[in-house]
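The values are calculated or read from the model by the stated rules, or taken from the named source; none is laboratory data. Just so it is clear, the model here is predicted, and its values are computed rather than measured. A quick note on method: Cβ atoms are made from the backbone with ideal geometry, for glycine too, and the neighbour counts reach across all protein chains shown. Ligands, DNA and RNA are excluded from the accessible area calculation, which covers all protein heavy atoms including side chains. Shrake-Rupley method; radii C 1.70, N 1.55, O 1.52, S 1.80 Å.
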Amino acid sequence: MTDKSTKFYIGKHSETGKIRVTSTETYFTSECLYSREDELVDKKEIHLHIVTFDLSSESHDSHIQSVNTILQLLRARDDKQRGIILDCDLDFFSVQNPLKLLLSDEAFVTHHEVYYLPPTDEEDRTLYTKKKEKFNDVMRKVIVDGLTMSELNAEHVDFIENLGRAEAIQRLVHVLKPLTELDKEMSLIIHEFGLGMDADGLPHHRSSEEEIATGIKALGLLAKEMAQNHFRPHLITIARSSDDDYCPRDQVDAIQAYVIATLKDHFPDVSMFQSNDTPI
């Protein structure tokens with residue numbers, strides 16, 4: 001998603017009870033999260049502001065500009081009595097696409113060819129969401145359950161053929177066979193990584209030490225300005241994102257240590273605990 005400000009609703013879908021949003025951004029529609037506003041109950045309006053920190057640039061001015069934009073947004077809040085949550089995802093500092101680690105080049109390209117199913121410009125987003133959900137269900141039967149095209153029911157076969165995916169799916173099953181025959185859980189992992197596939201696929205940029213240091217400096221600048229302007233977080237959360245290999249496992253501990261040290265420097269009175277309630 002590009003830098004922007006946007007509004008949309010979030011709530012429970014009246015039929016499924018699942019959380020859905022009215023945003024038509026690909027970030028949400030690719031995950032089948034779109035719903036019409038009239039289908040939501042207990043809905044709340046969300047104001048989403050996207051501000052980018054460019055870690056490829058060491059320009060202090062660039063980071064100051066991003067921080068100032070965030071400060072302006074904090075000052076403009078309607079309800080300044082409400083608390084602030086600072087959520088730090090460590091894959092912001094270094095990220096990799098787990099599929100690139102699992103699959104051969106041929107399998108990786110074929111996987112994207114199969115799972116990338118974007119809506120057309122004129123396609124109704126509700127109908128698209130239902131189509132994408134059906135596609136995901138059929139792909140689970142093929143990749144996870146191991147059904148062949150001849151074992152699918154006629155409706156599912158027609159559905160796949162109408163999408164023009166039949167030949168590519170057969171190629172994907174073939175190239176995945178060495179992996180999925182030895183490890184059945186691998187089938188589920190590979191399938192789930194495809195569920196939210198968009199045009200660019202999953203992000204992949206394993207950061208150098210210099211780039212990580214640039215990111216930590218940017219975090220420090222943001223934390224410093226928040227503290228000086230009395231925007232103290234009521235809650236700080238840190239997601240390691242390493243169990244699923246998004247943040248490289250050989251980098252995540254060092255990144256976490258840098259992040260915690262930086263936050264403690266600027267918010268010394270904030271108590272920090274691991275998920276098992278162990279003090280940090």
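Scan the stretch 92-108 for residues that are among the polar types (S, T, N, Q), in contact with an Asp or Glu (Cβ under 8 Å, 6 or more places away or on another chain) and farther than 16 Å from Met197 by Cα and the total you get is 1.
Yes or no, residue by residue, for (1) surrounded by 14 or more Cβ atoms within 10 Å (Cβ to Cβ); (2) in a helix (DSSP H, G or I):
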residue	(1), (2)
Asp121	no, no
Thr129	yes, yes
Val142	yes, yes
Ala168	yes, yes
Pro178	no, yes
Glu185	no, yes
Thr214	yes, yes
Gly220	yes, yes
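Answer yes or no: is there a residue in the stretch 97-114 that is outside any helix (DSSP H, G or I), out of contact with any helix residue (DSSP H, G or I) (no Cβ under 8 Å at 6 or more places or on another chain), open to solvent by less than 70 Å² (accessible area, probe 1.4 Å) and not charged (D, E, K, R). Yes: the stretch 97-114 contains one or more residues that are outside any helix (DSSP H, G or I), out of contact with any helix residue (DSSP H, G or I) (no Cβ under 8 Å at 6 or more places or on another chain), open to solvent by less than 70 Å² (accessible area, probe 1.4 Å) and not charged (D, E, K, R). Taken together, the criteria place Arg20 among residues that are in a strand (DSSP E or B) and without any contact (Cβ under 8 Å) to a residue 24 or more places away in the chain. For the stretch 222-239, a tally of residues being open to solvent by 60 Å² or more (accessible area, probe 1.4 Å) and closer than 23 Å to His63 by Cα returns 4. Checking every residue in the stretch 23-45 against the condition of being over 17 Å from the mean Cα position of the chain (by Cα) and within 30 Å of Gly215 (Cα to Cα) gives zero matches.
With respect to Gly201, is the statement that it is in contact (Cβ under 8 Å) with a residue 24 or more places away in the chain, touching a His at 6+ places or on another chain (Cβ under 7 Å) and surrounded by 14 or more Cβ atoms within 10 Å (Cβ to Cβ) true?
Answer is yes for this residue.
Selection of the stretch 18-45 for residues being at pLDDT 95 or above and of a type in the set (Gly, Ala, Ser) yields Ser23, Ser35. Exactly one residue among Val270, Val252 is of a type in the set (Val, Ile, Thr) and open to solvent by less than 20 Å² (accessible area, probe 1.4 Å), and that residue is Val252.
In the set Met226, Met186, only one residue is in contact (Cβ under 8 Å) with a residue 24 or more places away in the chain and more than 24 Å from Ala257 (Cβ to Cβ); that residue is Met186. You will find that of Ser59, Ser94, Ser35, the residue that is surrounded by 13 or more Cβ atoms within 10 Å (Cβ to Cβ), over 26 Å from Pro119 (Cα atoms) and not aliphatic (A, V, I, L, M) is Ser94 and no other. Restricting the stretch 73-90 to residues that are in contact with a strand residue (DSSP E or B) (Cβ under 8 Å, 6 or more places away or on another chain) and open to solvent by 40 Å² or more (accessible area, probe 1.4 Å) leaves a set whose member that is farthest from Asp243 (Cα to Cα) is Leu73.
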